[in-house]
Amino acid sequence: MFQRSMEAPELPVEIITYIFSFLHVSDRKEASLVCRSWYEASQDYQFQKNVTFKLPACSSSLEVIRGLGKRSRCGLVISHLDGSSLSRALLMEVAMHLGPSLETLSLPGSSITESSLLDLLPHLTGLRKLDLRGLDSLFMSGAFLSREEHRHQVRKALEGLEELNLSDLRYLSDLSFNRLTGCTPRLRRLALSGCHIAFEFDPYRGCPVGPDSSALLSLRNLRRLLQQQASTVRALDLSRTSITPESLRTVAQVPGLALEELCLRGCKELSDHAVEVLCRHQPAIRSLDLSSCTELTSRAVQAVTSGLKGLQVLSLSRDWRVTDKGLAELMKLPSLQRLDLSECLHVSGAEMIKGLSSPPPRAQLESLSLRSCTYIRDIAIFSLSQLLGLSLRVLDLTSCVYLTDLSVRSIATYMPGLLVLRLGWCKEITDWGLLGMVEPTKECEPSTEKPPSLPFQEKPRLVTDEDLGAFREQMGASLLAIRGIQELDLSACSKITDSSITQVVRFPDLQRLSLSMLPEISDESLASVAFYCRSLTSLALNHCPQISDQGIARAAPLLPRLQHLQLACCDAVTDRSLSVLAKHCKRLQTLDISMCKDITITKVDFLQSQLPYLENVQCRFVGGADLTITL
């Protein structure tokens, strides 16, 4: 009696739901497993928006699909469907149990028949996004939707479709394109990335291409669709097509078309003049991807700056001819939030700093990628850290090989709000930088006859216990200051050791961590990371020779959320580690144990039998075999 009176009253589901609203998705998922009332709270509608479930084409997915029928809205990704009876049964279950509640459907890696899809689509009256990327089996015959009764049924179901992805279709013809898009009158987003689009005049063949080609989608037909749906189409993806400057001008000048997003990644024939015409005729663009357009120069950047005043997202990755010129004016666009300059080899950051130092208005960047910009130096990062410290959330400095500890201390001091920090292959970064300390000056050593070593070969003075004591008294400028970080990449920073990893990699919200190619870290670092970073879902430890079974045994029980683990070339990892992973890491989806010489294929098979979510095991040269096992 007394014991019952002391029990805490059960909270109403509404109160639990309110508490859950403050949790990260992964934390909420863990909490939902505690009891039924917490599970019911986690299923509240506010947490179920835009939820997508990924399923393989297997018999166990049948029951999952039936269970999803209880949801009011959801999305579905079913991979590797084919013409088998099981695949047809899966699609029938989707039609029967999900039907109008299904909002998005994607079928990657599939080769389904036309009849299977036509039996499904009429039931999906609530569909908003359809992804048919790479489904050549549907379009190879050219007879897809050739019958009027089929088009009528599909048109009735897909009249509310907003997003259509037809990327990487080798056999998409004008006829098939017209039939399908004729059933989707309100498209907002259209993706044709990697498709073979025939232009009005092919300068390489020296002949015109007809408007109703039976083999290829023509530019004339694409323009016709854009004219018909100009009032609704807002996003277009023409990446990896051979679109010419003249063709881009044709698209940009479609009457009434007001694009907000345009992706032209890998369109290698585009010129600066084409970008100028684009910006003049489509000034409403907010997101523009010009990455890997290798003919573009800084003139294109100037055109973007002058013509797209509302630009929020810009990618110039791998545009090798782009220099600092024009970046100062770009930094004055107040709406710019994300900028990708990765592999722009001539960018030093000087003009960016100049633009950000000017009087307002100026950009408030949330994401900046300078990956492989080898002209970037510490002085640039020191200035950018102060200028962008309040707004920046994602910073990618991978392979900025001349950065040193000064950059790390600057980032930790001025950017405490970072969520993603990538410093991979910055080989001059040491423990001192992560600890936020200045390495004491080395005493002069007598000269020797030996040739000087390369900078990457020099090892810093080791951190002592006295140094760590000083660190604990002034930890504000160490990496610990970035308390909310969710992704950290320190791969190939080969001067980093246990001394800093065990002291500063203590982030409760950290989800993705890469410590690959750090030869000096040991099981102590792995155990410390597991103890302090229990939200980890992805951990990379490739080429860490001191990581052993002992470290895996200490870490695995503390990492129940782990989904992706990379242990390639960890020679001290054996079959014992796989037994530990099978016991404690039940959510593991991908595992890389390539070239781990003491792991056997028999143990790999055992691991697969124990882990229900395991999809892919990279086990090259394990037990003498060269295998990649995909379930």
Inset, instruction - Answer with yes or no whether CYS58 is hydrophobic (A, V, I, L, M, F, W, C), open to solvent by 30 Å² or more (accessible area, probe 1.4 Å) and more than 25 Å from GLU615 (Cα to Cα). - result: no
Inset, instruction - Can you confirm whether region 572-592 contains a residue that is within 23 Å of ASP509 (Cβ to Cβ), out of contact with any Lys or Arg (no Cβ under 9 Å at 6 or more places or on another chain) and among the hydroxyl-bearing types (Ser, Thr, Tyr)? - result: yes
Inset, instruction - Report yes if some residue within region 87-105 is open to solvent by 20 Å² or more (accessible area, probe 1.4 Å), among the acidic types (Asp, Glu) and touching a residue at least 24 places away in the same chain (Cβ under 8 Å); otherwise report no. - result: yes
Inset, instruction - Residues being crowded, with 18+ Cβ neighbours inside 10 Å, of a type outside the set (Val, Ile, Thr) and part of a loop (DSSP other than H, G, I, E, B): count how many of those fall in region 378-399. - result: 4
Inset, instruction - Select, from SER84, SER37, SER26, SER32, the only residue that is small (Gly, Ala, Ser) and under 30 Å from LEU135 (Cα atoms). - result: SER84
Inset, instruction - Can you run down the residue pairs with Cβ atoms below 9 Å, 6 or more apart or on separate chains, where the first is in region 488-506 and of a type in the set (Gly, Ala, Ser) and buried (at least 23 other Cβ atoms within 10 Å of the Cβ) and the partner is at pLDDT below 95 and assigned to a loop (DSSP other than H, G, I, E, B)? - result: SER499/LEU462; SER499/VAL463; SER499/THR464; SER500/VAL463; SER500/SER478
Inset, instruction - Pull up region 132-149, narrow it to residues that are surrounded by fewer than 18 Cβ atoms within 10 Å (Cβ to Cβ) and aliphatic (A, V, I, L, M), then point me to the one that is nearest to LEU175 (Cα to Cα). - result: ALA143
Legend entry - Test set (1) open to solvent by 70 Å² or more (accessible area, probe 1.4 Å); (2) over 23 Å from the mean Cα position of the chain (by Cα) - GLU366 fails condition number: (2)
Legend entry - Hits in region 507-525 - residues which are farther than 17 Å from THR430 by Cα and open to solvent by 10 Å² or more (accessible area, probe 1.4 Å): PRO508, ASP509, GLN511, ARG512, ASP523, GLU524
Inset, instruction - Can you confirm whether region 100-112 contains a residue that is of a type in the set (Asp, Glu), touching a strand residue (DSSP E or B) at 6+ places or on another chain (Cβ under 6 Å) and closer than 25 Å to LYS49 by Cβ? - result: yes
Legend entry - Hits in region 478-525 - residues which are among the charged types (D, E, K, R) and assigned to a strand (DSSP E or B): GLU487, ASP489, LYS495, ARG512
Inset, instruction - Please give the number of the condition CYS183 fails out of (1) surrounded by fewer than 20 Cβ atoms within 10 Å (Cβ to Cβ); (2) touching a helix residue (DSSP H, G or I) at 6+ places or on another chain (Cβ under 6 Å). - result: (1)
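The values are calculated or read from the model by the stated rules, or taken from the named source; none is laboratory data. In this text, all values refer to a predicted model and were calculated from it rather than measured experimentally. No Cβ is skipped: glycine too gets one built from the backbone with ideal geometry, and neighbour counts run over all protein chains shown. What goes into the accessible areas is simple: the full protein's heavy atoms, side chains included, and nothing from ligands, DNA or RNA. Shrake-Rupley method; radii C 1.70, N 1.55, O 1.52, S 1.80 Å.
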